[in-house]
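There's a structure below that I have some questions on.
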Amino acid sequence: MELKLYDTLTREKRVFVPLDPNNVRMYVCGPTVYDFAHIGNARPVIVFDVLFRLLRHLAKQGVWDGGKGETKVTYVRNITDVDDKINARAAEEYPDLPLNEAIRKVTEKTDKQFHDDVAALGCLPPTVEPRATEHIVEMKALIERLIASGNAYVADGNVLFSVRSMPDYGKLAKRSLDEMIAGARVEVAPYKRDPMDFILWKPSKPGEPAWPSPAGIAAPGRPGWHIECSAMSWKYLGEMFDIHGGGIDLVFPHHEDEIAQSRCAFHTPLMANFWMHNGFLQVEGEKMAKSLGNFVTIKELLEGWCGYSWPGEALRFNMLRTHYRQPIDWKFESLDESHKILWEWYKDIEGLQEDSRVSTDVIAWLCDDLNTPELITELHSLRKKKEFKSLYNALQLLGFSGKRENIIRRAGTSRGVSAAGIAGSFNAKENPDQITIAGEVLPSDDQIEKLVSMRSAARVAKNYKESDRIRDELKKMGIVLHDTKDGTAWEKVR
RNA sequence: GGCCACGUGGCGGAGUGGUUACGCAACGGUCUGCAAAACCGUGUACCCCGGUUCAAUUCCGGGCGUGGCCUCCA
């Protein structure tokens, strides 16, 4: 089976072959831990988790090592824990603590929530999750190399990368230096040789996190953002590796700058062989922004959005119904439909035992640049053909449990966007008393059985008025009845 | 202002130079005390204007709309 992936650098779908047949290497930009992850942050995490799972599957099949099945897959996703926004947030939330202590509190809390969130979304932990603050040594080594090779210079206690020293600069974003300068709207720092030069290292303000500086700079400082990823990918994946992923908004400047740093430091023709970027996400047709009141975190979706607490698997499935490179509009209707589809599928695969045989059609769609929408069509068709085992195996491969008890939806706190629109969500936040609806209380199985048999008795007596009344009552509790020739079955709906 | 995407039936969403996508919802039918479920059936979509072509939703150009990046935001 041939895997084809779209590469942002060459703007084409190409056959993927690992540089090293014994080790497939992938790096994805992870979160900056200053605030809870929003649903837009969830997209790359889910998309590249699916790719990780596919790569592992293909590796096991021996696709790249002549059938031996021993290829390793190394997936690195970093955690950025040194950043201006973290500093700002820490100072705001814990004004009475020393800054470094406040920062630790913010990053620990955010980091924990992030891991809880992505676990709920069914994502596997990456092979390595390096933290920026634990890789300052590697960053400084890179910076020294770049200075030695003439690609970086010291100015005013900063180290800057000289974009003019890199002929290919701008290739990923498809724009020339002249275009960038013409279009620039930012004020240029006076110490920059070229307006587009970017920071590799900068002095720390008093109280900020600080490390001894490279390049003979006396004052302590801290790294720029872009150098982190170059340093951590180098440490765990080497000078060149296979896949680098992230959101499309990272193409410029972040990934462009990573390429410049890594290629110039190692004199390599490439940093990553494939650059993959997921499309942007909007909420209810609008850009997600705190000022619009439609900012939605993963945590909120899991706890209560549009009146429901959503199972992580429904969020995951909803994400995969759109191709990863397309824009996606996150809305209640669509999420509701996703949940419903899973709910129906899970009924059919109840009680099946998993095995690793996944239909080749399913793999083929994944291998076509992760065409998950076509893959989902294939799953619908498997269900229609009553090939439930195949459906189950495919869902397992994609990271779904297939267990109905894991995707029961409950009434949640109703903060956030309502099905009708986003109006009023801020008021709800201001008046917490009004936002909490008690979690749905499901009746016990005994109670249900009792009501069902009461209804059956009424039906036998042809007391249809009473039997319909009981059915309505059960319906209100979320219990739906199915009359079959063998008696009445009941199930809890979502 | 510069660069880059996207625009498909009520909704979601693939794909293709000429043939049914698919799913959800809707509607009709079978079945049923009535429902539900199940099964069967129905819809003839591709932003606008030019061009290329025997043929364009699909390729090219322009326009309009939406969004992203150029402000360390996935």
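What number, rounded to the nearest 500 deg cm²/dmol, is the helix-based mean residue ellipticity at 222 nm of chain A, given -39500 (n - 2.57) per DSSP H run of at least four residues and division by all its residues?
-12500 deg cm²/dmol
In region A:238-294, what trypsin sites (Lys or Arg not before Pro) fall in a loop by DSSP, with at most 14 other Cβ atoms inside 10 Å?
Passing both the DSSP loop test and the Cβ count: A:LYS287.
On a 0 to 90° scale, report how tilted helix A:84-93 is relative to the longest principal axis of chain A, with both axes built from alpha carbons and the result rounded to the nearest 10.
60
Pairs of Cα atoms under 8 Å, at least six residues apart: use those to get the relative contact order of chain A, whole percent.
15
Taking the dipole about the Cα centre of chain A, with the C-beta of Lys and Arg at +1 and of Asp and Glu at -1, give me whichever of A:LEU379, A:THR268, A:LEU142 is farthest to the positive side.
The listed residue farthest towards the positive side: A:LEU379.
So how do A:GLU466, A:GLU144 rank on accessible area, 1.4 Å probe, biggest first, that is with the largest at the start?
A:GLU144, A:GLU466
Just how far, in whole angstrom, is region A:194-246 from region A:44-77 if you go by their alpha carbon centroids?
First find each Cα centre; the distance between them is then 29 Å.
Could you bin all the Cα-Cα distances of region A:445-492 into 10 Å bins starting at 0 and give me the percent of pairs in each, rounded to whole numbers?
Cα pair-distance distribution for region A:445-492, in percent: 27, 64, 9.
Can you check what the net charge comes to around A:LYS105, using other residues whose Cβ is under 13 Å from the Cβ of A:LYS105 (Lys, Arg +1; Asp, Glu -1)?
So the surrounding residues net to -3.
Further question: So what's the gap between the Cα centers of region A:269-298 and region A:78-108, to the nearest angstrom?
One Cα centre to the other: 24 Å.
Counting DSSP beta bridges with both partners in region A:4-278, what percentage is antiparallel, nearest 5?
Roughly 45 percent of the beta bridges in region A:4-278 run antiparallel, per DSSP.
Where nothing but the Cβ of Lys and Arg (+1) and of Asp and Glu (-1) is charged, how large is the charge dipole of region A:445-492 around its Cα centre, in debye to the nearest 20?
Computed charge dipole of region A:445-492: roughly 240 debye.
Which is farthest toward the positive dipole end of chain A among A:MET319, A:ILE227, A:ALA394, measuring Cα position about the Cα centre, with Cβ charges +1 (Lys, Arg) and -1 (Asp, Glu)?
Positive-end residue among those listed: A:ALA394.
If you take every DSSP beta bridge fully contained in chain A, what fraction is antiparallel? Give it as a percent rounded to 5.
Counting only bridges with both partners in chain A, antiparallel ones make up about 55 percent.
I would also like to ask the following. Expressed as cubic angstrom per residue, what is the convex hull volume of the alpha carbon set of region A:203-284?
Normalising the Cα hull of region A:203-284 by residue number yields 133 Å³.
Shifting gears a bit: Using only Cα atoms, tell me the angle between helix A:445-460 and the longest principal axis of chain A; keep it within 0 to 90° and round to the nearest 10.
Rounded to the nearest ten degrees, it is 40.
Where does each of A:GLU374, A:GLU354 land when they are ordered by accessible area, with a 1.4 Å probe and the largest first?
A:GLU354, A:GLU374
Okay, moving on. Within region A:86-141, which GluC sites (Glu not before Pro) sit in a loop by DSSP and count at most 16 neighbouring Cβ atoms inside 10 Å? Don't jump to the answer; show the numbers that get you there.
Details: sites: A:GLU92, A:GLU93, A:GLU101, A:GLU108, A:GLU134, A:GLU138; in loops: none.
Of the GluC sites (Glu not before Pro), not one in the loops of region A:86-141 has a Cβ with at most 16 other Cβ atoms within 10 Å.
Something else about it: Using alpha-carbon pairs under 8 Å, 6+ residues apart, how would you state the relative contact order of region A:4-278 in percent?
Numbers: 454 pairs, mean separation 62.8, N = 275.
That works out to 23 percent.
How far is it, in nm, from the label point at A:LYS385 to the one at A:GLU2 when both lie 7 Å from their Cα along the line to the Cβ?
So the two model labels end up 2.3 nm from each other.
Report the percentage of all Cα-Cα pairs in chain A whose separation exceeds 37 Å, rounded to a whole percent.
38
How big is region A:256-295 by Rg and Dmax over its Cα atoms, in Å?
Final numbers for Rg and Dmax: 17.4, 47 Å.
Relative to the longest principal Cα axis of chain A, at what angle does helix A:256-266 sit, 0 to 90 degrees, rounded to 10?
50
Also, I was wondering about something else. How big is the Rg/Rh ratio for region A:4-278, C-alpha atoms only, Rh by Kirkwood, two decimals?
0.97
Magnitude of the Cβ-charge dipole of region A:4-278, K/R +1 and D/E -1, about the Cα centre, nearest 20 debye? List each step's numbers first, then the result.
Details: 33 positive and 37 negative charges, 151 e Å.
It works out to roughly 720 debye.
Carbon-plus-sulfur fraction of the accessible area of chain A, 1.4 Å probe, in percent?
Result for chain A: 50 percent of the exposed heavy-atom area is carbon or sulfur.
Let me ask something else. Toward the positive end of the charge dipole of chain A, about the Cα centre and with charges on Cβ (Lys, Arg +1; Asp, Glu -1), which of A:VAL63, A:VAL106, A:ASN463 goes farthest?
My answer, from the dipole projection, is A:ASN463.
What size of dipole, in debye to the nearest 20, comes out for chain A about its Cα centre when the only charges are +1 on Lys and Arg C-beta atoms and -1 on Asp and Glu C-beta atoms?
920
The values are calculated or read from the model by the stated rules, or taken from the named source; none is laboratory data. It should be emphasised that the depicted structure is a prediction, and the values quoted were computed from it without experimental measurement. Quick reminder, even Gly has a Cβ in these numbers, built from the backbone with ideal geometry, and neighbours come from all protein chains shown. What goes into the accessible areas is simple: the full protein's heavy atoms, side chains included, and nothing from ligands, DNA or RNA. Shrake-Rupley method; radii C 1.70, N 1.55, O 1.52, S 1.80 Å.
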